[in-house]
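One structure is given below, encoded as structure tokens.
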Amino acid sequence: PELYKSRVLELNASDDRGINVVRTKIKDFAAVAVGSAQRQGIIEPLASRCAKFRFKPLSDEIMSSRILHICDQEGLNLDSEALSTLSSISQGDLRRAITYLQGAARLFGSSISSKDLLSVSGVIPVEVVEALYAACKSGNFDLANKEVNNVIAEGYPVSQMLSQLFDVVFEADDVPDEQKARICKSLAEADKRLVDGADEYLQLLDVASNTMRALCNMPQEFSFET
């Protein structure tokens, strides 16, 4: 009660509705914070009047320390492999990590493994992503098509596959930058088409085809003589 006057501004609907009230009373009293996960989510007229603060992903050390504290308080058992997996799949987002941990605890109980966390997060197993990449690298289209069908049949989200495939390509030391650029362009175009409602199988097959052509130095366009 003693802080009421400093925390609450009372306005009379009939008397305090002019523009001067907004410019003086409200502006001097209120502070507004606008948060967005994407920079373009805030319109320019509003963004130009705000002080911008950008938050970087948390480091693995900070993530692990906080997650272990939560596990200790909640009575959860998380081994080192599961802790490393949780830090990896949450990508420095502590809120996302807590959500995954909470979901795994509800489904699998107090003892949580790395496999449990992967199942609740929707992350595709590494071996599935690497199998598709290896098929593209082999230059065998039938093999790549088989791996694409396996991804679709297992119900893995193609958007997640594109994201993880990007990580594999980006970290590949044996792939020249020019080839990486061609593959990343294909990934970006497919991701955009998925957002627009395109068929998942066709988009993943197109990515696999373009990735194969880039890795095997095949021509990007084919011409047929008539």
Toy charge model, Lys and Arg Cβ at +1, Asp and Glu Cβ at -1: the chain dipole around Cα centroid in debye, rounded to 20, equals 1320
Quick calc: nm separation of the 7 Å Cα→Cβ label points for residue 7 and residue 95 -> 2.3
The lysines whose Cα lies under 28 Å from the Cα of residue 5, excluding any fewer than 8 residues away in the same chain, are 25, 27
For the chain, the Cα convex hull volume per residue in Å³ comes to 252
With Cα coordinates, the longest principal axis of the chain makes an angle with the long axis of helix 126-138, in degrees rounded to 10, of 40
The Cα extents of segment 126-215 along the principal axes, largest first and rounded to whole Å, are 32, 25, 21
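No value in this document is a laboratory result; all are computed from the given coordinates. None of these values were measured; they are calculated from a predicted model. Note: ideal-geometry Cβ built from the backbone for every residue, glycine included; neighbour counts use all protein chains shown.
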